[in-house]
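Shown next, in structure tokens, is the structure this report addresses.
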Amino acid sequence: MKDVAFAQPYFFLLLLLVPLMALWYWRKQRTRHVELRMSTLQSFAGAPRSWRTRLRHVLFVLRVLAIICIIAALARPQSISHGEKVTTEGIDIVLTMDISGSMLAEDFRPNRIEAAKTVAKDFIDGRQDDRLGLVVFAGEGFTQCPLTIDHVVLKNLLLELKSGMVEDGTAIGSGLATAVTRLKDSKAKSRVIILLTDGVNNRGSIDPLTAAGIAQTFGIRVYTVGVGTTGTAPYPFQTPFGIQYQKVPVEIDEEVLRKIAAQTGGKYFRATDNKKLTAIYKEIDQLEKTRIEVMEFRRYREEFYLSVFVAGGLLILEFFLSQTLFRTLL
């Protein structure tokens, strides 16, 4: 595909000289004629006018056209050829989020689950051209939102998430398997799962590594994110005297999460606070954009040569006519 642009369009301001040239030429023509006082012009009424007289202004028109071509050449017209080296059908991504009771720990602000929802929302906003879905898990996994391009609906369903929606527990394998089910029939060039959890698999009938093997079979890449500070984290407990905080140990099965990521061609991340979690999602966002980014190229070709050639031709023609056919009219 080709477009035309001008590298130095400000030279077109010189076109303002053209009307001034026309005015100068008109006044010059008026002063060149010799005045003769006659009692009557009746004897000249039928005198024929030669074709050379009728075309006497051709030389000026040729000169003006030549100047216009020179101005166009100074503006440097360029043809722009551009295209794409790589094309893609986009990415299908399923966000898979742990909503077990431990996600209420407040080592993140206001807590882990709300922090995860916030960064997931920002991630969705940055993937306007991709289909995204949402799978959640605790004691079992279920689909909160199937793959969709309607990100408004997706974000509304994301905001509705809360701990206690399903039986408590951490069924990482079930959550991952559910996400794989959503992606296995996808025709997208790239299929991705982002799995976020803060615990160790202790529920469900599917082992996490078995689910990872299924994902690998379908060519689905899994990024795993472990959330939780190191050591212990403050956790709110409801008591007869109100909410009391106790320190609970942070237990994340990082070894399994690393294996899931490595087996599927993804990457494992550890988030210890809100800032780190945000940075992780931004890194995943860039990693996936790098994989499917369209590589555009543009090639500029100078096109002013034609204007210069035409201007030269017009000036030569003007000079030739002024020395031949219109010589006696000068």
Please determine whether any residue of the stretch 230-252 is β-branched (Val, Ile, Thr), in contact (Cβ under 8 Å) with a residue 40 or more places away in the chain, more than 21 Å from residue 113 (Cα to Cα) and assigned by TED's automatic domain parsing to the domain that holds residue 115.
no
From the list 114, 106, exactly one residue is among the acidic types (Asp, Glu), closer than 30 Å to residue 251 by Cβ and not in a loop (DSSP other than H, G, I, E, B). Which is it?
114
Picked from the stretch 177-211 (must be in contact with a strand residue (DSSP E or B) (Cβ under 8 Å, 6 or more places away or on another chain) and charged (D, E, K, R)), the residue nearest to residue 271 (Cα to Cα) is 198
Considering only the stretch 321-330, how many residues are under 15 Å from residue 61 (Cβ atoms) and modelled with pLDDT of 70 or more?
4
Give the stretch 206-248 a look and list any residue that's more than 29 Å from residue 284 (Cα to Cα) and part of a loop (DSSP other than H, G, I, E, B), or say none.
240, 241
Check on residue 156, under 16 Å from residue 122 (Cα atoms) and among the polar types (S, T, N, Q):
yes
Filter the stretch 186-202 down to the residues that are in contact with a Ser or Thr (Cβ under 8 Å, 6 or more places away or on another chain), crowded, with 18+ Cβ neighbours inside 10 Å and at pLDDT 95 or above and list them by number.
193, 194, 195, 196, 197, 198, 201
All but one of (1) closer than 15 Å to residue 265 by Cβ; (2) touching a strand residue (DSSP E or B) at 6+ places or on another chain (Cβ under 9 Å) hold for residue 214; which doesn't?
(2)
Can you tell me which of 21, 103, 97 is at pLDDT 70 or above, more than 30 Å from the chain's Cα centre (by Cα) and in the same structural domain as residue 198 (by TED's automatic domain parsing)?
103
Give the stretch 156-176 a look and list any residue that's crowded, with 18+ Cβ neighbours inside 10 Å, part of a helix (DSSP H, G or I) and in contact with a strand residue (DSSP E or B) (Cβ under 7 Å, 6 or more places away or on another chain), or say none.
158, 172, 174, 175, 176
Checked 153, 180 against criteria (outside any loop (DSSP other than H, G, I, E, B) and either more than 21 Å from residue 254 (Cα to Cα) or not assigned by TED's automatic domain parsing to the domain that holds residue 97 (or both)); the one match is 153
So, residue 129, is that one at pLDDT below 95 and either more than 30 Å from residue 22 (Cα to Cα) or assigned to a loop (DSSP other than H, G, I, E, B) (or both) or not?
yes
Count of the stretch 257-281 residues which are in contact (Cβ under 8 Å) with a residue 40 or more places away in the chain and part of a helix (DSSP H, G or I)
10
Within the stretch 283-309, can you find the residues that are surrounded by 14 or more Cβ atoms within 10 Å (Cβ to Cβ) and either at pLDDT 90 or above or on the phi > 0 side of the Ramachandran plot (or both)?
284, 285
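The values are calculated or read from the model by the stated rules, or taken from the named source; none is laboratory data. Keep in mind it's a predicted model, so treat the numbers as computed, not measured. Quick reminder, even Gly has a Cβ in these numbers, built from the backbone with ideal geometry, and neighbours come from all protein chains shown.
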